[in-house]
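J.: If you scroll down you'll find the structure; I have some questions about it.
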Amino acid sequence: MNPAHSIEAERLSRRFGSFLAVDDVSFHVEKGEIFGYLGANGAGKSTTIRMLIGLLTPSSGRASVAGHDVASDPEGVKAAIGYMSQKFSLYLDLPVEENLRFFGGAYGLWGKDLQRRADEVLELTGLAEHRKAITGALPGGIRQRLALGSAVLHRPSIVFLDEPTAGVDPEARRSFWRLIRDLSRGGTTVFVTTHYLDEAEYCRRIGLMVDGRLVALDTPAELKRTWVPDRVLLVRGRNLTAGAAALRARPGVRAAEPFGAGLHLRVDPAAWDGAAVRTVLEASGGEGVSVEVAEPTLEDVFLAVVGRGAEAQAAQEVAP
Amino acid sequence: MNAERRPARAWIQYAAVVRKEVLQTLRDRRVMFMLIFAPFLQTLVLGFAVDFEVDRVPTVVADQDRSPESRSHLRRVLADGTLHFAGGADSAEQGAAALDRGAAAVVLVIPPRFGSDVAAGRPAEVQVILDGTDPNRSNVAAGAVSRYFGEESLRRAGERARAAGMAPPARIEVVPRLYYNPGLKSAPYIVPGIAAMLLVVVTTLVTAMGLAREREQGTLEQVAVTPVPASVLLAAKMTPFVFIGFFDVLLLVTVGTWVFGVPLRGNLAVMALATLLYLLSTLGVGLLISTISANQQQAFLGGFLFTLPAMLLSGIMTPVDSMPRWMQWLTYANPLRYFQEIARSNLLKGGGFADLWPQLVALALFGTAIFGLAAARFRKRTG
């Protein structure tokens, strides 16, 4: 195992009966990075996590987490990681501090150590004032922070977060991600699944799963460059019709469509930028021209990736 | 700064789970009620209500003879308290109607000319019509009637013999001497049985449902990704129930002694050991049920499907000896049977290790087997 890697998965597969939930997946996660794992529901995200944390044995392939092989040393894996499941799974009938005490004890924390760590975590997650509150009485956003706090009590080198912000309001999501970034800055590796694509922008690298296969893996910027190669430009101004026709005739312009009072352009980013477009439009009589570059989003990437996956599958089905 | 003395990791984990279980149990009023107050209440209710003694059986008499002789017999047969006068009737049919209505369980018919037949030394008959719905009660009532008239015929035969100048016929008398429960009270017999039933209901159901709830709510998975070994988790989860089980037995024995006069003749160490081994079985069954249940409802049904037949096939209410042979074999696989035998023998007869070791060994074997099987399944399911 490369010492700079916290997680390595090699040709990992998991089969349930005839259903291949995870199909030949290989990747690594570097120490201290926030690694996002994206995909639709049922794409195999949770199954991958469950294999990595030692809850499920792989059907084939191997993976090691924090230097422990998941198949032969699941106990070593468990001691090294923290896990926050998709479903809130602390004890709702116990007070906040009793949940921390229990999970701290489960990881072998004891006495003053446990007390100190629990206080730190309550401070970190902003839950100090809720320490005596019954967990079930807290709002969803606060519970999620508690669950994260409980997962990092024992200072694991890696935390696995399975859809940690599902069903949480936007403000609570933002404060939750602030916590995740703090953890990562402190050197903790974060492996997080989500289907909120705006959240995925916070990740250093992203893996995209479609139907059990890992079809794309890179930094958000690189993914956008690869999967959404065109630059989208939003143009406003008057007398743009002639200019649009002129642009369409030039190489590197893939589309120029009227959009409201303006234009919507898709261009090759290597050949075109805002200034070049404005020059052409003004030369054709355009007035008051302003050009805005619309950054491609991960949503565009996701749609492109899923579309490609569907095409590949359709091709496979047609092939004899 | 001096370092704290730090216990072994497994002990820290054990203590954390026990603490959590105790807090959860204390917070759950329904479970507390089920574990502590309900056994107390049920002992009292069952102790008073379960009564195998039969008396005051409602009896309708149809005296068709209406002689001083018949009236005197009727008065005397009703005098010992087993039968209780519930009205008169003119005919056997009218009496049987009272049976139909449920107004009587026995009809005693004295036919016409009964008095004159008896006086003349001719054979005379008394008819008894019984409601057989409750076999035990009709047996006791029929017994009371035939005992009275049997003794009466003997007495008459003796008188006639003496009048004829002959020796009266020899009488054979049965002299019963009752050991252990001389008053033939039901409560001292039934209370140890109640202990066996309550423990199985309380511990099996609470364990099965508690674990099913943790599985349902996902907390079991959260615990399964911690490094707590399954063995430590199970031991810690069972610990509070062992204490509660002991508390319940103590409560039952105390109530049994003070309220129902259960004698404490045996060595209570035998009772304690039996309780521990019995709990191993009942908790093991609860755990096993939880491993085959997806949710709390299934666990509850599963617990019920085990506890009810186990109680019926234990010899607590009906003696094992009077069951069909194949069912008797089944009772050997029933921990309730052994615990019930130990509890009754120990408390009522003073049975000790020397008398009860076969039952103790059987309980230990059953408990180890069932708990081992359940733990293996549990480990497999939680990974």
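The values are calculated or read from the model by the stated rules, or taken from the named source; none is laboratory data. Since the model is a prediction, treat every value here as computed from it, not as a measurement. As a convention, Cβ positions derive from the backbone with ideal geometry for all residues, glycine included, and neighbour counts pool all protein chains shown.
J.: Would you mind stating whether A:Pro3 is over 17 Å from the mean Cα position of the chain (by Cα) and within 14 Å of chain B (Cβ to nearest Cβ)?
T.: Against the criterion (over 17 Å from the mean Cα position of the chain (by Cα) and within 14 Å of chain B (Cβ to nearest Cβ)), A:Pro3 does not qualify.
J.: Please enumerate the residues belonging to segment B:11-52 that are among the polar types (S, T, N, Q), within 14 Å of chain A (Cβ to nearest Cβ) and over 17 Å from B:Thr207 (Cβ atoms).
T.: B:Gln13
Matching residues to (1) β-branched (Val, Ile, Thr); (2) within 25 Å of the chain's Cα centre (by Cα); (3) assigned to a loop (DSSP other than H, G, I, E, B):
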site	(1), (2), (3)
B:Ala208	no, yes, no
B:Val223	yes, no, no
B:Ser231	no, no, no
B:Lys237	no, no, no
B:Phe243	no, yes, no
B:Phe247	no, yes, no
B:Trp258	no, yes, no
B:Val262	yes, yes, yes
B:Ala269	no, yes, no
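J.: Can I ask one more? Please report, ordered by residue number, the helices (runs of 4 or more DSSP H) entirely within segment B:304-383 with at least 1 residues that are free of Cβ contacts under 8 Å to residues at least 24 places away in the same chain and either more than 30 Å from B:Val223 (Cβ to Cβ) or not assigned by TED's automatic domain parsing to the domain that holds B:Leu283 (or both).
T.: Values: elements: B:325-331, B:335-344, B:353-382.
Of the helices (runs of 4 or more DSSP H) lying wholly inside segment B:304-383, those with at least 1 residues that are free of Cβ contacts under 8 Å to residues at least 24 places away in the same chain and either more than 30 Å from B:Val223 (Cβ to Cβ) or not assigned by TED's automatic domain parsing to the domain that holds B:Leu283 (or both) span B:325-331, B:353-382.
J.: Give me a count of the residues in segment A:46-69 that are outside any helix (DSSP H, G or I) and either facing chain B (nearest Cβ under 9 Å) or in contact with a Pro (Cβ under 7 Å, 6 or more places away or on another chain) (or both).
T.: Result for segment A:46-69: 5.
J.: Which numbered condition trips up B:Ser293, out of (1) assigned to a helix (DSSP H, G or I); (2) surrounded by 21 or more Cβ atoms within 10 Å (Cβ to Cβ)?
T.: Status for B:Ser293: all satisfied but (1).
J.: Out of (1) surrounded by fewer than 18 Cβ atoms within 10 Å (Cβ to Cβ); (2) farther than 26 Å from B:Arg147 by Cβ; (3) within 28 Å of the chain's Cα centre (by Cα), the odd one out for B:Asp28 is which?
T.: Looking at each condition in turn, B:Asp28 falls short on (3).
J.: Condition first: surrounded by fewer than 19 Cβ atoms within 10 Å (Cβ to Cβ) and β-branched (Val, Ile, Thr). Now tell me which residues in segment B:296-319 satisfy that.
T.: Selection gives B:Thr318 alone.
J.: Right, here's the next one. For segment B:226-240, does any single residue satisfy the condition of being in contact with a strand residue (DSSP E or B) (Cβ under 9 Å, 6 or more places away or on another chain) and within 14 Å of chain A (Cβ to nearest Cβ)?
T.: Checking segment B:226-240: at least one residue is in contact with a strand residue (DSSP E or B) (Cβ under 9 Å, 6 or more places away or on another chain) and within 14 Å of chain A (Cβ to nearest Cβ).
J.: Tell me which residues, restricted to segment A:68-90, are among the aliphatic types (A, V, I, L, M), surrounded by fewer than 20 Cβ atoms within 10 Å (Cβ to Cβ) and in contact with a Lys or Arg (Cβ under 8 Å, 6 or more places away or on another chain).
T.: A:Ala71, the sole residue that qualifies.
J.: Can I ask one more? Quick one: which of B:Val61, B:Val22, B:Val57 is modelled with pLDDT of 90 or more and in contact with a strand residue (DSSP E or B) (Cβ under 7 Å, 6 or more places away or on another chain)?
T.: Among B:Val61, B:Val22, B:Val57, only B:Val61 is modelled with pLDDT of 90 or more and in contact with a strand residue (DSSP E or B) (Cβ under 7 Å, 6 or more places away or on another chain).
J.: Can you find a residue that is within 14 Å of another protein chain (Cβ to nearest Cβ) and either closer than 13 Å to A:Gly212 by Cα or in contact with a Gly (Cβ under 7 Å, 6 or more places away or on another chain) (or both) anywhere in segment A:10-31?
T.: yes
J.: Determine whether segment B:27-37 contains at least one residue that is of a type outside the set (A, V, I, L, M), under 15 Å from B:Lys237 (Cβ atoms) and assigned by TED's automatic domain parsing to the domain that holds B:Val262.
T.: Kept after step one, since they are of a type outside the set (A, V, I, L, M), are these residues of segment B:27-37: B:27-30, B:33, B:37.
Those still in the list that are under 15 Å from B:Lys237 (Cβ atoms) too: B:28.
Going one step further and asking which of them are assigned by TED's automatic domain parsing to the domain that holds B:Val262, we end up with B:28.
For segment B:27-37, residues of a type outside the set (A, V, I, L, M), under 15 Å from B:Lys237 (Cβ atoms) and assigned by TED's automatic domain parsing to the domain that holds B:Val262: present.
J.: Would you check if there is a residue in segment B:53-67 being in contact with a Ser or Thr (Cβ under 9 Å, 6 or more places away or on another chain) and either within 14 Å of another protein chain (Cβ to nearest Cβ) or under 30 Å from A:Phe102 (Cβ atoms) (or both)?
T.: no
J.: Another one. Please pick out the residue among A:Gly108, A:Gly82 that is in a loop (DSSP other than H, G, I, E, B) and within 13 Å of chain B (Cβ to nearest Cβ).
T.: Testing whether each residue is in a loop (DSSP other than H, G, I, E, B) and within 13 Å of chain B (Cβ to nearest Cβ) leaves just A:Gly108.
J.: Shifting gears a bit: Among the numbered conditions (1) surrounded by fewer than 18 Cβ atoms within 10 Å (Cβ to Cβ); (2) under 28 Å from A:Ala118 (Cβ atoms), tell me where A:Leu20 comes up short.
T.: Only one criterion in (1) surrounded by fewer than 18 Cβ atoms within 10 Å (Cβ to Cβ); (2) under 28 Å from A:Ala118 (Cβ atoms) is unmet by A:Leu20, namely (2).
J.: Determine the pairs where a residue that is under 19 Å from A:Ile53 (Cβ atoms), located within segment B:194-223, has a partner that is of a type in the set (Phe, Trp, Tyr) and surrounded by fewer than 24 Cβ atoms within 10 Å (Cβ to Cβ) with Cβ atoms under 8 Å apart, the partner being 6 or more residues away or on another chain.
T.: Close Cβ pairs (under 8 Å, with a partner that is of a type in the set (Phe, Trp, Tyr) and surrounded by fewer than 24 Cβ atoms within 10 Å (Cβ to Cβ)) amount to B:Gly218/A:Phe88; B:Thr219/A:Tyr91.
J.: When the residues of segment B:35-68 are narrowed to those that are of a type in the set (D, E, K, R) and surrounded by fewer than 16 Cβ atoms within 10 Å (Cβ to Cβ), which ends up farthest from B:Pro188 (Cα to Cα)? Reasoning before the result, please.
T.: So in segment B:35-68, the residues of a type in the set (D, E, K, R) come out as B:51, B:53, B:55-56, B:63, B:65-66.
Then keep just the ones that are surrounded by fewer than 16 Cβ atoms within 10 Å (Cβ to Cβ); that gives B:51, B:53, B:55-56, B:66.
Working: B:Asp51: 11, B:Glu53: 13, B:Asp55: 19, B:Arg56: 22, B:Arg66: 45 Å.
Applying the filter and picking the extreme gives B:Arg66.
J.: I've got another one for you. Name the residues in segment A:123-148 that are surrounded by fewer than 17 Cβ atoms within 10 Å (Cβ to Cβ) and over 22 Å from the mean Cα position of the chain (by Cα), would you?
T.: Matches in segment A:123-148: A:Glu123, A:Gly126, A:Ala128, A:Glu129, A:Arg131, A:Lys132, A:Ala133, A:Ile134, A:Gly136, A:Ala137, A:Pro139.
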